[in-house]
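Everything on this sheet refers to the single structure shown next.
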Amino acid sequence: MTGEPLDLVPANTALLIVDMQNDNLSPGGAASESGAVEHAREQDVVAHVRALAYAARAAGVPVFHNHFVVEPGAPGVGRNAPLFASISGGGMVVRGTWGATPVAGVEPRLGDFTLERARMSAFNGTQLDILLRNLGVSTVVVCGVWTNMAVEHTARDAADRGYRVVVVSDATSTINAEWQHAALNYALTNIATIATTEQVVAALQVAVQLAASKPG
């Protein structure tokens with residue numbers, strides 16, 4: 001999606017913020033040497049996620065935070081995949097540590113939903129699907145990190161469960177621009193609508209203005 005307007009209905013939309021934790025994108029975090037800090041800065045991902053959350057709350061859209069959190073020593077995370085092995089051996093996102101806590105500026109607010117998991121998709125092992133359905137949500141706007149892993153897995157799961165998915169291109173980040181391009185322009189092409197923060201915020205603001213202009 002380029003400059004086309006985005007249609008969002010606040011009553012059936014939710015914002016899902018994935019893995020915005022210090023270890024994933026803050027200087028000094030466990031992923032600092034991967035390129036993730038630099039790419040998050042290039043994307044201005046913190047500011048964009050913050051803008052999305054602000055617009056969502058103003059429109060009455062529920063905001064979900066999903067965090068990958070492991071216990072000290074990472075028991076049960078497994079080593080069946082390189083990603084899990086790196087988490088197990090790298091001391092990433094360990095409960096109670098600075099690395100597992102939300103990045104400053106995008107912390108959960110009163111009224112938000114916060115869920116934890118230990119697998120790639122935000123739907124895996126959480127109550128996310130149940131909560132979304134109980135809230136009447138049919139469109140999920142996804143942002144956060146990592147675009148080609150957690151965000152992509154979450155978008156696929158959401159689509160499989162029948163949700164319309166919007167992935168926010170400049171409110172997501174990964175290791176570098178090449179991986180970002182591959183996720184947004186290849187892997188997710190037939191899964192989600194790709195939109196910018198500006199488009200999502202504008203769509204929510206238009207929806208609020210239309211609702212306010214209706215008589216009664």
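So here's what we get for this one:
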| item | result |
| --- | --- |
| Among the residues listed as 193, 174, the single one being in contact with a Phe, Trp or Tyr (Cβ under 6 Å, 6 or more places away or on another chain) and at pLDDT 95 or above | 174 |
| Filtered residues of segment 186-216 (kept if more than 18 Å from the chain's Cα centre (by Cα) and not in a helix (DSSP H, G or I)) | 190, 214, 215, 216 |
| Pairs, first of a type in the set (Ser, Thr, Tyr) in segment 174-197, second part of a loop (DSSP other than H, G, I, E, B) and modelled with pLDDT of 95 or more, C-beta under 7 Å, six or more apart | 174/146 |
| Unmet requirement for residue 49, which otherwise passes all of (1) at pLDDT 95 or above; (2) farther than 20 Å from residue 121 by Cα | (2) |
| Test: residue in segment 199-209 that is in contact with a helix residue (DSSP H, G or I) (Cβ under 6 Å, 6 or more places away or on another chain), surrounded by fewer than 16 Cβ atoms within 10 Å (Cβ to Cβ) and among the polar types (S, T, N, Q) | no |
| Considering residues of segment 166-185 that are in a helix (DSSP H, G or I) and either among the hydrophobic types (A, V, I, L, M, F, W, C) or touching a Ser or Thr at 6+ places or on another chain (Cβ under 8 Å) (or both) only, the residue surrounded by the most Cβ atoms within 10 Å (Cβ to Cβ) | 183 |
| Selected residue (only one of 188, 131 is at negative phi and surrounded by fewer than 22 Cβ atoms within 10 Å (Cβ to Cβ)) | 131 |
| Selection count where residues are farther than 26 Å from residue 159 by Cα and either at pLDDT below 95 or surrounded by fewer than 24 Cβ atoms within 10 Å (Cβ to Cβ) (or both), scope segment 1-35 | 11 |
| Tabulated pairs, segment 92-119, first in contact (Cβ under 8 Å) with a residue 24 or more places away in the chain, second of a type in the set (Ser, Thr, Tyr), C-beta under 7 angstrom, 6+ apart or interchain | 103/26; 108/114; 115/126; 117/126 |
| Subset of segment 146-165 [part of a helix (DSSP H, G or I), touching a strand residue (DSSP E or B) at 6+ places or on another chain (Cβ under 7 Å) and either under 22 Å from residue 7 (Cβ atoms) or free of Cβ contacts under 8 Å to residues at least 24 places away in the same chain (or both)] | 151, 154, 155, 158, 159 |
| Pairs, first at pLDDT 75 or above in segment 72-91, second not in a loop (DSSP other than H, G, I, E, B), C-beta under 6 Å, six or more apart | 72/94 |
| Elements of type helices (runs of 4 or more DSSP H) in segment 1-82, at least 2 residues being farther than 19 Å from residue 115 by Cβ | 36-43, 45-58 |
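The values are calculated or read from the model by the stated rules, or taken from the named source; none is laboratory data. What you see is a predicted model, and the numbers here were worked out from it, not measured in a lab. When we count neighbours, we look across all protein chains shown, and the Cβ atoms used for this are built from the backbone with ideal geometry, even at glycine.
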